[in-house]
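Trainee: One structure, pasted below without further comment.
The values are calculated or read from the model by the stated rules, or taken from the named source; none is laboratory data. All values reported here derive from a predicted model rather than from experimental measurement. Heads up, the Cβs are rebuilt from the backbone with ideal geometry, glycines too, and the neighbour counts pull from every protein chain shown.
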Amino acid sequence: MSFSDPEKNDSQNHRLYNPYQDLQIPVQKLYQLPTQPEFLFHEESLRQRRSWGENLTYYTGCGYLAGACSGAAKGFVDATRASEQGDTLKLRVNRVLNTSGLAGRQWGNRCGVVCLMYAGLESGLYAVRDADDIFNSLAAGLATGALYKAASGPRAAAVAGAIGGLVVGCTVGAKHALKRYIPV
């Protein structure tokens, strides 16, 4: 393993940084900062996947945020439809806030739990199969839907599993299409 010499000005791996540029002070010292992430071991730089803990946190947070925003929007629409003719502005605002908050919490918790289950199953499949491919995502989506609705009976679990697999399949397909047709 080779380490780069910090004195060598390699324009591809480093950029020059002047901490005094906004102070209108003549250049005292320029620092060479790396442009690539730094890793302790070479194997870490080859890994293109988040760890299971990062995966759980990322999916759960994104799921909760998406569910909370969607639920709050639905609560807002429901509250504005339920307003009556003689309500004061204060009463209408209170109804909107209460309905949006309730629906936002409910939807956020549901989506967060579903995403937590998906992330755990997907990371578990990656650990068992030692392969990062579409099949892990699809199997995790199918299993997540089935497990989420397992208490409602086998028919509801099968339908939810199919919906989970379909949603993950569409998401993975859209991700690959975006990577292929929209260069970043």
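Trainee: Only residues that are among the hydrophobic types (A, V, I, L, M, F, W, C), in contact (Cβ under 8 Å) with a residue 12 or more places away in the chain and more than 29 Å from GLY124 (Cβ to Cβ): list them for the range 20-72, please.
Mentor: LEU30, LEU33, ALA72
Trainee: Has the range 129-141 got any residue that is part of a helix (DSSP H, G or I), touching a Leu at 6+ places or on another chain (Cβ under 8 Å), surrounded by 14 or more Cβ atoms within 10 Å (Cβ to Cβ) and of a type in the set (Ser, Thr, Tyr)?
Mentor: No, the conditions are met nowhere in the range 129-141.
Trainee: Out of all the residues in the range 69-98, which are of a type outside the set (A, V, I, L, M) and closer than 25 Å to TYR148 by Cβ?
Mentor: CYS69, SER70, GLY71, LYS74, GLY75, ASP78
Trainee: Filter the range 78-105 for residues that are more than 18 Å from ALA68 (Cβ to Cβ) and assigned to a helix (DSSP H, G or I) and give the result.
Mentor: Within the range 78-105, THR80, ARG81, LEU89, LYS90, LEU91, ARG92, VAL93, ASN94, ARG95 qualify.
Trainee: When you scan the range 146-153, do you find a residue that is without any contact (Cβ under 8 Å) to a residue 40 or more places away in the chain and exposed (fewer than 11 other Cβ atoms within 10 Å of the Cβ), even just one?
Mentor: Within the range 146-153 (the criterion being without any contact (Cβ under 8 Å) to a residue 40 or more places away in the chain and exposed (fewer than 11 other Cβ atoms within 10 Å of the Cβ)), the answer is yes, since at least one residue qualifies.
Trainee: Within the range 133-166, which residues are within 12 Å of TYR118 (Cα to Cα) and of a type in the set (Val, Ile, Thr)?
Mentor: THR144, the sole residue that qualifies.
Trainee: Does GLY108 satisfy the condition of being of a type outside the set (Lys, Arg), without any contact (Cβ under 8 Å) to a residue 60 or more places away in the chain, crowded, with 18+ Cβ neighbours inside 10 Å and not in a loop (DSSP other than H, G, I, E, B)?
Mentor: yes
Trainee: Among the residues of the range 50-104 satisfying the criterion of being closer than 27 Å to GLY141 by Cα and hydroxyl-bearing (Ser, Thr, Tyr), which is surrounded by the fewest Cβ atoms within 10 Å (Cβ to Cβ)?
Mentor: Per the stated criteria, the residue is SER51.
Residue-by-condition table, conditions (1) closer than 13 Å to TRP107 by Cα; (2) touching a Ser or Thr at 6+ places or on another chain (Cβ under 8 Å); (3) assigned to a helix (DSSP H, G or I); (4) among the aliphatic types (A, V, I, L, M):
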site: GLU38; (1), (2), (3), (4): no, no, no, no
site: ARG50; (1), (2), (3), (4): no, no, no, no
site: GLY53; (1), (2), (3), (4): no, no, yes, no
site: THR57; (1), (2), (3), (4): no, no, yes, no
site: TYR64; (1), (2), (3), (4): yes, no, yes, no
site: CYS69; (1), (2), (3), (4): yes, no, yes, no
site: LYS74; (1), (2), (3), (4): yes, no, yes, no
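Trainee: Considering ALA119, ALA127, ALA103, which residue is out of contact with any helix residue (DSSP H, G or I) (no Cβ under 7 Å at 6 or more places or on another chain) and either closer than 14 Å to ARG49 by Cα or modelled with pLDDT of 95 or more (or both)?
Mentor: ALA127
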